[in-house]
Amino acid sequence: MTGLKASVVIPYKQRLHNIRTVFASLADQTMDPSQFEVVVGAMEYAEDYVAACHEFTDRITVVSVLSAEPWNVSRARNLALRQASGEVTVFLDADMVLPPHLLQNLYDRYFADGQNLCVLGQAIGYSCVVEHGHARGVDSGGERLPYSHYRDAIADLETSGGVWADDRFVLASVPLPWTLCWSGLAALPTATLRDNDLTFDEGFRGWGLEDQEWGYRIHATGTPLVPGENVYGLHMPHARDTAAESDSHTSNSRYFLAKWPTLGTELSSTFGWEQANIRYAEAQRQVTAAAVTPDHTLGIAYGKANGLDMLIVGAVIEARQRVLDPDIRALFDDGSTIEVLPLAGLALPYGDKTFDECRIMPSIFRLSAEYRDLVCVEAARVASTVVPCPSAAPEVAAE
């Protein structure tokens, strides 16, 4: 490391007004500018962006890695992350205006003594945080709001105590802390990133879930993910293609689920981060009960049957992800490779009509009506034909 306390990593493309405003807020930090750097992964070669950087180079250190590759937020962060040399890496979106004390307070409170934490910040004006007029981004005449507007808004919030609670941080129980990891503002030791290869997965496309998957891997290292007290920024608005974002979120959710097939990722894919945490304990109880013994769980299995692609939902599997029931194994063609995933079937990592047939095993009908109905709907989505097992008994479902 270089002796810098912090490296601020920002992914960027074609948001010139916003990045200039973010630079201005970084230039106003109370932390001595010799103690931090700003590293931008810019997915464009643009003279106006370079000029914007030049405006601030007499006040802060701005390092930019430029690439003409297609936009990919994970790729942009990774390009910048390679150059980060500070003790702590602070991930920041290009639309987040920071209060002047942010970097100094973040470092002093959470990292000055060498703590190994991932600190999660708030994005005021974004989802899960109460909307505010300051976040509209334009004045009454439709002009872009200057940095001074956001600076004054932050000062008002500080004075009034109006930094609103983030819904992520008021849950009574958080069994799935990675679901709270949004990279608009997050920080952790650079050594932790390097030692555990915690780059962002560039297989995610478009918008959504690359940060939660990153949080999943952070959590797996044993690094606590903690809500940062008074760690926040104002989120500036920007153009969004909501239809495209919805499509990419769906495909990214399936990509995440295929990579890390667990009950937690399944619940998050089905219900979203909040309900996944609320429901987790009860869902775990139901799945364990449906599998009959604590050492077993529910899974899915797929392979060839009579030359067709067949999916089994509700197979009871062991820890090594082996299907226990020989009758289920016998359904597949001799020599067919049987792939097994530890999923109950609430969410499946496949496209529509991937399989010729899906068979739903009796164990699914030991789940509550809500969950078994969701399994049946998802089975109908991924398979052309759905065949419930004749011995399925809905009357034994756990309500």
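Every number in this text was worked out from the coordinates using simple rules, so none of it is lab data. These numbers come from a predicted model, not from an experiment. Methodologically, a virtual Cβ is constructed for each residue, glycine included, from the backbone with ideal geometry; neighbour enumeration extends over all protein chains shown.
The table for this structure:
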{"quantity": "Under 5 Å, built H, 5+ apart or other chain: amide partners of residue 86", "calculated": "7"}
{"quantity": "Under 24 Å from residue 259, Cα to Cα: lysines that are on another chain or at least 8 residues apart", "calculated": "304, 353"}
{"quantity": "Per-selection Rg to Rh, the stretch 264-396 - Cα, Kirkwood hydrodynamic radius", "calculated": "0.94"}
{"quantity": "In degrees, nearest ten, helix 242-259 long axis to first principal axis of the chain (Cα)", "calculated": "60"}
{"quantity": "Gaussian network model of the chain, Cα within-10 Å springs - most flexible of 116, 72, 196", "calculated": "196"}
{"quantity": "Gain on full stretching of the segment that runs from residue 197 to residue 55 - 0.36 nm per residue minus C-alpha separation", "calculated": "47.7 nm"}
{"quantity": "Net length gained if the chain between residue 275 and residue 384 were fully extended (0.36 nm per residue, minus Cα distance)", "calculated": "36.3 nm"}
{"quantity": "Per-residue HN-Hα couplings for the stretch 99-111 [Karplus 6.51, -1.76, 1.60; θ = phi - 60°; Hz; x = Gly/Pro]", "calculated": "x, x, 8, 4, 5, 5, 5, 4, 5, 5, 7, 10, 10"}
{"quantity": "If the convex hull is drawn through the Cα atoms of the chain, its volume per residue in Å³", "calculated": "162"}
{"quantity": "Contour minus Cα-Cα distance for residue 306 and residue 14 (0.36 nm per residue)", "calculated": "99.9 nm"}
{"quantity": "For residue 358, distant residues with modelled amide H under 5 Å away", "calculated": "311, 385, 386, 387"}
{"quantity": "Estimated FRET transfer efficiency (residue 156, residue 47; beta-carbon r; R0 35 Å; 0.05)", "calculated": "0.45"}
{"quantity": "Sparse-neighbour loop sites [trypsin sites (Lys or Arg not before Pro); the stretch 262-322; at most 15 other C-beta within 10 Å; DSSP]", "calculated": "320, 322"}
{"quantity": "GluC sites (Glu not before Pro) lying in DSSP loop within the stretch 38-101, provided at most 15 other Cβ fall within 10 Å", "calculated": "44, 55"}
{"quantity": "Packing-based exposure ordering (other Cβ within 10 Å, fewest first) of 25, 251, 173", "calculated": "173, 251, 25"}
{"quantity": "Spin-label proximity, residue 116 to the stretch 168-193 - amide N less than 14 Å from point 7 Å beyond Cα toward beta carbon", "calculated": "188-193"}
{"quantity": "Table column - 3J(HN,Hα) (Hz), the stretch 369-383, Karplus curve with 6.51, -1.76, 1.60, x for Gly and Pro", "calculated": "4, 4, 6, 5, 5, 5, 4, 5, 5, 5, 4, 5, 6, 8, 10"}
{"quantity": "Rounded FRET efficiency, nearest 0.05, which uses the C-beta distance separating residue 221 from residue 368 and R0 of 22 Å", "calculated": "0.05"}
{"quantity": "Whole-Hz ³J(HN,Hα) from phi, Karplus 6.51 cos²θ - 1.76 cosθ + 1.60, for the stretch 32-40, glycine and proline x", "calculated": "4, x, 6, 9, 8, 10, 10, 10, 10"}
{"quantity": "Nonlocal amide H pairs with residue 207, under 5 Å, H built at 1.01 Å", "calculated": "248, 249"}
{"quantity": "Projected-area average for the stretch 247-336 over all orientations - Cα convex hull basis, square nanometres", "calculated": "7.1"}
{"quantity": "Estimated inter-spin distance, residue 282 and residue 66, nm [label 7 Å along Cα→Cβ]", "calculated": "5.6"}
{"quantity": "Cβ-derived FRET efficiency at R0 45 Å, residue 333 paired with residue 101, nearest 0.05", "calculated": "0.10"}
{"quantity": "Least to most buried among 259, 5, 13, 353 (fewest other Cβ within 10 Å first)", "calculated": "353, 259, 13, 5"}
